[in-house]
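Following: one structure in structure tokens, then a few remarks.
The values are calculated or read from the model by the stated rules, or taken from the named source; none is laboratory data. Only a predicted model underlies this, so the values are computations on that prediction, with no experimental measurement involved. Positions of Cβ are backbone-derived with ideal geometry, glycine not excepted, and every protein chain shown enters the neighbour counts. When the accessible area is computed, the model is the full protein with side chains, heavy atoms only, and any ligands, DNA or RNA have been set aside. Shrake-Rupley method; radii C 1.70, N 1.55, O 1.52, S 1.80 Å.
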Amino acid sequence: MIEVYAFATPNSVKVPIALEEMDLAYELKPVNVRKGEQKNAAFLELNPNGKVPVMVERDGDAAFVLSESAAILVHLAQRTGRLLPADAEGQARVFEQLFFHASALSPAFGNAGFFKRSSIEPQPIAEARFSAEAERILDLLEAKLATQRFAAGDDFTIADIAHFGWLWRRAFPGVTLDARPNLSRWYDQIATRPAVQRAIARVEALVPAA
């Protein structure tokens, strides 16, 4: 049985999308990050870094616990042989995008959103720096998608799932897909996939009603 500890966050949604695409059964375990539940002792036993998502694969009394959304995506792809090319060059292109996501896109988007919403002590220089970086990264993806269908080539892979998670929550950093037709085409193509829609519906249901 696969358990996924998650919330309706850009990183969390990636794992259910992959599981839905791979036709793997899983159970979602809500971790309300708005209430700080990711810092509770029970969750920190699973991930001392205090971040969602976390995936737990149980086999009897044995449990394999894995954190970091990109690592989970790679594990699932290697386990199932899906959403990852079989050839070494194709895999390298996917990993290139995954590392770009983890080192560039995700921190830029996260920091842009954080500084835009910081009400304690505004940091206009930091906000401008990360907002500009987020826009630059979107322009890089726009150019790449002008020559290929998906992030790592012409096939849908875990690299697309990684990027999609943050573009699904692009209102947080305050970026748009306006004037980026290739990125818009890519986003719409993924957003209409039935597995993606099922995953989004499941993670959105984790948010308690107001």
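Looking only at residues in the range 131-164 that are part of a loop (DSSP other than H, G, I, E, B) and among the aliphatic types (A, V, I, L, M), the one that is surrounded by the fewest Cβ atoms within 10 Å (Cβ to Cβ) is ALA146. Among the residues of the range 1-44, those identified as touching a strand residue (DSSP E or B) at 6+ places or on another chain (Cβ under 9 Å) and either open to solvent by 50 Å² or more (accessible area, probe 1.4 Å) or of a type in the set (Ser, Thr, Tyr) (or both) are MET1, TYR5, SER12, ALA25, TYR26, GLU27, LYS29, PRO30, GLU37. Does VAL65 qualify as being farther than 23 Å from PHE100 by Cα, open to solvent by less than 50 Å² (accessible area, probe 1.4 Å) and assigned to a strand (DSSP E or B)? For VAL65, the condition - farther than 23 Å from PHE100 by Cα, open to solvent by less than 50 Å² (accessible area, probe 1.4 Å) and assigned to a strand (DSSP E or B) - is not met. Number of residues in the range 178-200 that are over 17 Å from ALA18 (Cβ atoms), surrounded by fewer than 18 Cβ atoms within 10 Å (Cβ to Cβ) and in contact with a helix residue (DSSP H, G or I) (Cβ under 7 Å, 6 or more places away or on another chain) equals 1. Scanning the range 1-29 for residues that are charged (D, E, K, R), closer than 12 Å to VAL203 by Cβ and assigned to a helix (DSSP H, G or I) yields a total of 2.
When restricted to residues that are under 30 Å from GLU127 (Cα atoms), within 17 Å of the chain's Cα centre (by Cα) and either free of Cβ contacts under 8 Å to residues at least 12 places away in the same chain or not in a helix (DSSP H, G or I) (or both), the range 177-205 contains 1.
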